[in-house]
Protein chains: 2
Amino acid sequence: MSRVLILSKHADEYRRLVEAAGLPGLEELAAAASPAEALALGDDFDIVFGEPSLIREVLPRLRDLRWVQATWAGVEPLLDPSLRRDYLLTNARGVFGGLMSEFVFGYLLQHERRMIERYRAQQEQRWDASVTGTLRGKTFGLLGVGSIGSNLAGTARHFGMSVRGYTRASESCPDVDSYYHGSSLLDFADGLDYLVSVLPDTKETRYIVDASLLGRLPAHAVFVNVGRSSAVDESALVTALRTGKLAAAVLDVYEQEPLPPGHAFWKAPNLLMTFHTSAPSFPGDLACLFIENYRQYADGRAPLHAVDFEKGY
Amino acid sequence: MSRVLILSKHADEYRRLVEAAGLPGLEELAAAASPAEALALGDDFDIVFGEPSLIREVLPRLRDLRWVQATWAGVEPLLDPSLRRDYLLTNARGVFGGLMSEFVFGYLLQHERRMIERYRAQQEQRWDASVTGTLRGKTFGLLGVGSIGSNLAGTARHFGMSVRGYTRASESCPDVDSYYHGSSLLDFADGLDYLVSVLPDTKETRYIVDASLLGRLPAHAVFVNVGRSSAVDESALVTALRTGKLAAAVLDVYEQEPLPPGHAFWKAPNLLMTFHTSAPSFPGDLACLFIENYRQYADGRAPLHAVDFEKGY
C-alpha cells in the first residue's frame, strides 16, 4: 500500500484528477500547496508528486520516501549534491514536446512572416505587400535531442526544413538528418538558419552558446532558447544582436527571473521575450503522466523517465 | 515544336530557369513583363506561362494558343464568360499548400501564444507569465479542401487538432476527420475553434461567411481568410468582431485591394491584417511546376491541374 503526497500549486486539481483514476493500492492521497502544509500532513509518504522547488524543502523529512514524480522537465532543485539521492526521481517527459513545438514554430513563423512588422503596418493603415520568407528548405539546428528536441525535429521536418542535432552521444531521433557531438559544435553551427536550445542545465552545457558559437552562425540566423538559461552567455548574445551578427533571438528563460527592469534584454534589437511560458503546464497532462507511472509502480515495474542524478537529466 | 511565351513580372527569372531545364521540342522561348511587350514579340505562341491578369490582355490575339499555365492558384481574370475558352488552362496547384500552412498556423500560434500581447509586455518591461493556450485538442474547420486545404489539414493533424472539412462533394483528404456538404454548413460551424477559408471565387462560395455562419461559431472562435475575399460578408465580419461574437480574425484578402485608408478593417478589434501575402510566389517553385507540366505536354500527355471553366477551379 502506498501513501502519496501531492505537493504543488495545483494540488487540489491534481488530487481530483488522481482520485478519479481509482488507482490500486492507495492507502493515502494527501494534497498540499506548500512545504509547510505538506509537513503538517505527516512524514511517512513513500511517493511524492509535484514541483521540484517545493519538494526540495520537504525532502530531508520524508523518512519512507521511495519515488518522486516531478511535474517539470528540468529538475535542478533536486540535483543539488547536498541533497539525498536514495530514491527514484522521474521527470515530466513526453508532455512538453508538442507545446514546445507550438512555441518554437510559432516564433519561427513570426520571424519568416514578419507578423509584428505587419501588425505595425496595420496600425499605420499602410498596405505592406513586401514578400516574406518560408521555413521550407531552411536548416534547423537543435542543441539537445531528447524528448522535447525530437518533437521539434518532427515539426521542422513537417515544414520541409533540414535538421541537425547536437547531442552528447545519442543519435536516436529519425527526424534529425545529421548528428554532431563534442568538439564538432562549431561545424554544427556553420550555416544554420535557426539555432534552438532545449538543453538541460549541466556542467557540459553551461555557456555553450557563447561568442564563438554565435560568431559561427550566419548573420541572418535566429537563436531561440527554450531550454535552460545557463546554456547562454547573456552578454555575448546582446553583443551579437547589437552588432548585427545575429538577425534575431527569442528567449523564454533568463539567469534571473523575473528579469529585472533595466536589463539589456528588454530593449536589445530584434530580441523577442517571453516569460518562462514556452510550455504551459496543463494539470491534466501531468496528472495523466503520474497516473500511468503509478500504475507501473503499483505493478512492480519501474516508473518511466528516471533522472540520472549525475548526468542531470 | 512549341513556341512558349512567358508573360510575368518575373519573366526574366522564369526564362533563365526554364532555359536551364533544357526542355525538348522548344522552338522559341520568349519573355515579356507586360502585355504590350508580349504582343510586340508575336502572336503565334501555342503555350503561355504567366500571371492571369497579364495573360487576359493578350488572350484574344494569340491565334495558335493551346495551353496556358497560370502562376496563380486562383485564375479569375481568365474565367470571365466573355473570354475565349478554346484552350487548356492549368493553374498552380501543389505549390502554395506548404506556404499557406506556414501562414495559417503561424497566425493560429500567434493567437494561442499571444505573441503580440507578449511583445507589448516586453515594450513596457513587464514580466507577463500569464498562461497561454495550445492548438492540441482544438477543432479546425476548413471551408474548401482542395490542394491547399489538404495541406492545412495535415498541419492541423500534426499539431493534434481535429479537422472538419466543408466541400462541394469531395471527401478525399485523409487528414479530415469529418466532412460536411451543402446545407450542413451551420452544423459544420457549430463548436469550431478555428474557421479557415481557402475557397475559390465561385457563385456557390459568394458571401458564404455571413452573419448566420459567424453567429454559429463559439465566441472564442477565430476566423482566417486566405482564400478569396468574395467568400466573406465584410460588414457582417466587422460586426461580429465589434460585438464580441467572434474572438479574432486574420484576413489576407479584401474586396478592394489595396484596402483604402479609413476602411473599418484597419481598426476593427482583434483583426490582424496581412496584404495578399499569405502565399508568396517563389519563381523557382512555379518554374518547376511549368517545366514538369511542359514535359507532360511534350510527351503527348495532358498537363496536370486543368481548370474547369464552369466550376471556376
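What follows is calculated from the coordinates using simple rules that are stated; it is not laboratory data. None of these values were measured; they are calculated from a predicted model. Don't worry about glycine lacking a Cβ; one is built from the backbone with ideal geometry, like all the others, and counts go over all protein chains shown.
Numbers at a glance
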| read-out | value |
| --- | --- |
| Copies compared at residue B:24 - label distances in nm, ascending, label defined 7 Å from Cα in the Cβ direction | 6.9 |
| Over the range A:74-139, equivalent-ellipsoid semi-axes from the Cα gyration tensor in Å | 44, 14, 9 |
| Inverse of mean 1/r across different Cα pairs in the protein assembly as shown, Kirkwood, Å | 27.2 Å |
| Loop trypsin sites (Lys or Arg not before Pro), the range B:120-183, which have at most 16 other Cβ atoms in a 10 Å radius of their Cβ (DSSP) | B:126, B:136, B:168 |
| Quotient of C-alpha Rg and 2.2 N^0.38 Å, computed over the range B:190-313 | 1.31 |
| Fewest-first ranking of A:173, B:288, using other Cβ atoms within 10 Å as the exposure measure | B:288, A:173 |
| Nm distances between copies for residue B:123, ranked from closest, using label points 7 Å along Cα→Cβ | 0.3 |
| Calculated [θ] (222 nm, deg cm²/dmol) that DSSP helices of n ≥ 4 give over chain A, each run adding -39,500 (n - 2.57) | -9000 deg cm²/dmol |
| Degrees between helix B:147-158 axis and first principal axis of chain B (Cα, 0 to 90, nearest 10) | 40 degrees |
| 10 Å Cβ neighbours from other chains, averaged over peptide A:152-158 | 2 |
| Per residue convex hull volume, Cα atoms of chain A, in Å³ | 158 Å³ |
| Most fluctuating residue given options A:228, A:15, A:85, as computed from a GNM of chain A linking Cα atoms under 10 Å | A:85 |
| Relative contact order, percent, the range A:97-273 [alpha-carbon distance under 8 Å, six or more residues apart] | 16 percent |
| Stretch gain in nm, segment residue B:123-residue B:298, where the contour uses 0.36 nm per residue and the Cα spacing is subtracted | 57.2 nm |
| Euclidean distance between Cα centres, the range A:68-133 to the range B:212-278, Å | 29 Å |
| Cross-link pairs B:245/B:311; A:267/A:311; A:9/A:311; A:138/B:9; B:267/B:311; B:9/B:267 - those with Cα-Cα distance over 30 Å | B:245/B:311; A:267/A:311; B:267/B:311; B:9/B:267 |
| Of A:111, A:158, A:263, the one that fluctuates the most in a GNM where chain A has Cα springs shorter than 10 Å | A:263 |
| Label spacing, shortest first and in nm, from residue A:36 to its equivalents in the remaining copies (7 angstrom along Cα→Cβ) | 8.4 |
| Per-residue ³J(HN,Hα) for the range B:195-211, Karplus 6.51 cos²θ - 1.76 cosθ + 1.60, θ = phi - 60°, Hz, x for Gly and Pro | 10, 10, 9, 10, 5, x, 8, 9, 4, 6, 8, 4, 6, 5, 8, 10, 4 |
| The range A:171-260: GluC sites (Glu not before Pro) falling in loop per DSSP and having at most 15 other Cβ within 10 Å | A:171, A:204, A:255 |
| Alpha-carbon spread of the range B:97-273, three principal axes, descending order, Å | 52, 37, 28 |
| Projected area averaged over orientations for the range A:181-243, convex hull of C-alpha atoms, nm² | 3.9 nm² |
| Residue of chain B nearest the B-to-A rotation axis [by Cβ], rounded angstrom distance | B:158, 3 |
